[in-house]
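Below is one structure; the comments refer to it alone.
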Amino acid sequence: MRLLGSVALSLLLGLTASAQDIVSSSPNTVGSGARALGMGSAFIAIADDATAASWNPGGLTQLEAPEFSIVYAWKWQSERFSSTPHPELEGTYSLNLDELNYASFVYPIPRTLAGRNMVVSLNYQKRLDFDRELDFNFRDITAFAGGNRFARRLTIDYKQEGSLSALSPAFGFELTQNLSLGVVWNLYDSRIIGSNEWKTRNNFRSVSSLNGRIPTISWGEIAEDYTNVRGNNWTFGLLWKPTERWSVGAVYNTKFSTTVDYTRSFRSRGAGRDTLQAFDKERRRIEWPQSYGAGIAYRFPNDRLTVSFDWTRREWDNYVEINARGERTSPITGLPKEVSRHKATNTFRLGAEYVFIDPDRPVQNYLPSLRAGLFIDPEPSSGRKDNPFVIDLGIRGDGSPENYYGASLGAGLLIRNRVNIDVAYQYRWGRDVRIDTFGFYETNADVEQHALYVSTVIYF
């Protein structure tokens, strides 16, 4: 029994200590506003509403009156796993959530500077989501020298939740009649936004036996908390209108660091033995990647139809977590950074908006519009290569991203030039993905994500 307890405990600790390597999550980049989302988020070269600070602050100077906006979102996600060697892992896991997505107040400055417009705004914007839930079983039989066989049945209940939001003062100004610039200061501070934190919980139960003897039962929890977040970065934007019909936009989000209070606790208890406990708390630094993008839009001569195209690149290899000892890991896989490389993701978006303008009516009290969009939106990955071992701490692959695709539909209604209401639905999917964040041999997932956004803008 001593050998059985030693082997079971050793393997259990080896697995649960690496639970964040087996089950982890890359953050989900969040878009802002129902109007932009309805156009597939192809909004860099348009940016003519209250969410301009999120997409391209260079578009702020297009806003001519004070306005207040608020955006709310409902999201549903499912992951359907398939596994050749471990069919017990197969199943569908779902997650539902709702959140305040965006809020802002925009104020065009009444006085011009050399005849050029200037606009200021104060914005709250959700930037990243960390939410994910899984509840699965795993069975393993390991053979040792001398003919010993160790069997284990493990149940893991994994939950990750939290977000990163910013309070963002912005300023836009015209350089010329056709060229505008904008800048946003994004403050990520838990003292300002109390919801700026995230956590993971791994609850596990293990039933282990050696050579078919009386099983040993263990259970416990691994908990990780990231709190007291502090950091900031900048967003720079440009909007150029070379003609009345064409517009070109560019945006750059600087890379930045946040400091966090990191707490990790581990406790495990088995039948017939005392509880094992470990606790660690330290100040860590997380380095977040830079991103940049460009867009082009064309408004047709009838002023009803606008088509836009965007490209955005995010340098995920700059996403690093650094502990108090200076050790660098990938937050996406939980592995040491030197063995977990991530190539940049390139997102491509195409969108269109049709406004039902009646040329025979000089004033329309109700102005409806329809929108649609398509996009390719990859997620970062280390390009993990399948390995027959349950836990592979070696090099996972070449860092190639995993492809996700999406489509969106939206509608809007402007009421008496005072209130604008927009709604958008987005469907995003990936096939044979999530290998990095569910690290078992020949195991992957089909992911489906649904989002419903509702926006209201009030003009003063």
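For region 150-165, state whether one or more residues are surrounded by fewer than 17 Cβ atoms within 10 Å (Cβ to Cβ), among the polar types (S, T, N, Q) and part of a loop (DSSP other than H, G, I, E, B).
no
Any residue that is loosely packed, with under 15 Cβ neighbours inside 10 Å, out of contact with any helix residue (DSSP H, G or I) (no Cβ under 9 Å at 6 or more places or on another chain), among the hydroxyl-bearing types (S, T, Y) and farther than 25 Å from Y102 by Cα - is there at least one of those in region 194-217?
Checked region 194-217: no residue is loosely packed, with under 15 Cβ neighbours inside 10 Å, out of contact with any helix residue (DSSP H, G or I) (no Cβ under 9 Å at 6 or more places or on another chain), among the hydroxyl-bearing types (S, T, Y) and farther than 25 Å from Y102 by Cα.
Checking A103 against (1) closer than 26 Å to P331 by Cα; (2) within 21 Å of the chain's Cα centre (by Cα): exactly one of these is not met. Which one?
Unmet condition: (1).
In region 126-138, is there at least one residue being among the polar types (S, T, N, Q), at pLDDT below 95 and open to solvent by 20 Å² or more (accessible area, probe 1.4 Å)?
yes
Let's see how each residue does on (1) at pLDDT below 95; (2) surrounded by 22 or more Cβ atoms within 10 Å (Cβ to Cβ):
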site	(1), (2)
T16	yes, no
G33	yes, yes
P57	no, yes
S82	yes, no
L89	yes, no
Y93	yes, no
T112	yes, no
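A quick yes/no check of all residues on (1) open to solvent by 80 Å² or more (accessible area, probe 1.4 Å); (2) in contact (Cβ under 8 Å) with a residue 60 or more places away in the chain; (3) not small (G, A, S):
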site: A278; (1), (2), (3): no, no, no
site: D303; (1), (2), (3): no, no, yes
site: T306; (1), (2), (3): no, yes, yes
site: V339; (1), (2), (3): no, no, yes
site: N346; (1), (2), (3): no, no, yes
site: G373; (1), (2), (3): no, yes, no
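I'm checking my understanding of the structure. Among residues of region 231-260 that are of a type in the set (S, T, N, Q) and over 19 Å from L181 (Cβ atoms), which one is surrounded by the most Cβ atoms within 10 Å (Cβ to Cβ)?
T258
Can you tell me which residue is modelled with the lowest pLDDT among those in region 394-420 that are touching a helix residue (DSSP H, G or I) at 6+ places or on another chain (Cβ under 9 Å) and either of a type in the set (S, T, N, Q) or loosely packed, with under 15 Cβ neighbours inside 10 Å (or both)?
Per the stated criteria, the residue is G394.
Among the listed residues E321, E282, E287, which satisfies the condition of being closer than 23 Å to L128 by Cβ, open to solvent by 40 Å² or more (accessible area, probe 1.4 Å) and assigned to a strand (DSSP E or B)?
None of the other options fit; the residue is E287.
Among the numbered criteria (1) in contact (Cβ under 8 Å) with a residue 40 or more places away in the chain; (2) over 30 Å from D157 (Cβ atoms); (3) open to solvent by 30 Å² or more (accessible area, probe 1.4 Å), which single criterion is violated by Y72?
It fails just one condition, (2).
The values are calculated or read from the model by the stated rules, or taken from the named source; none is laboratory data. In this text the structure is predicted, and so the values were computed from the model without any measurement. Glycine also receives a Cβ, built like all others from the backbone with ideal geometry; neighbour counts cover every protein chain displayed. Each accessible area value is taken on the protein alone, full model and side chains, heavy atoms only, with ligands, DNA and RNA left out. Shrake-Rupley method; radii C 1.70, N 1.55, O 1.52, S 1.80 Å.
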